[in-house]
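The values are calculated or read from the model by the stated rules, or taken from the named source; none is laboratory data. Computed from a prediction, not measured in an experiment: that's the story for all the values here. Glycine gets a Cβ as well: all are built from the backbone with ideal geometry, and neighbour counts include every protein chain shown.
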Amino acid sequence: MDQKIVDATSKKIYRKFPFVKDKSPRVSKQGDGRYLMIFSGSGNTPDGKKIQQTIRVVVTEDGRIIKTSMSR
């Protein structure tokens, strides 16, 4: 995957999920021109505890985001 597309997609994710800002994603090829980008970060719960969160983003070769999901 082209680095320009990774950077542009990362900026979109950073705006939507600021707790992963400045974290570089792990990128893996899924096949049929799709790539999986995984961002990991930690956030705080309302009672102040830290929680590890992961964001999975499926992206096409041209940078179009197909699906975004988040787990804790």
Among residues of region 44-72, those that are more than 19 Å from S10 (Cβ to Cβ) and under 12 Å from the mean Cα position of the chain (by Cα), counted: 0
Qualifying residues in region 22-72 (those that are farther than 23 Å from Q3 by Cα and of a type in the set (K, R)) - the one modelled with the lowest pLDDT: R72
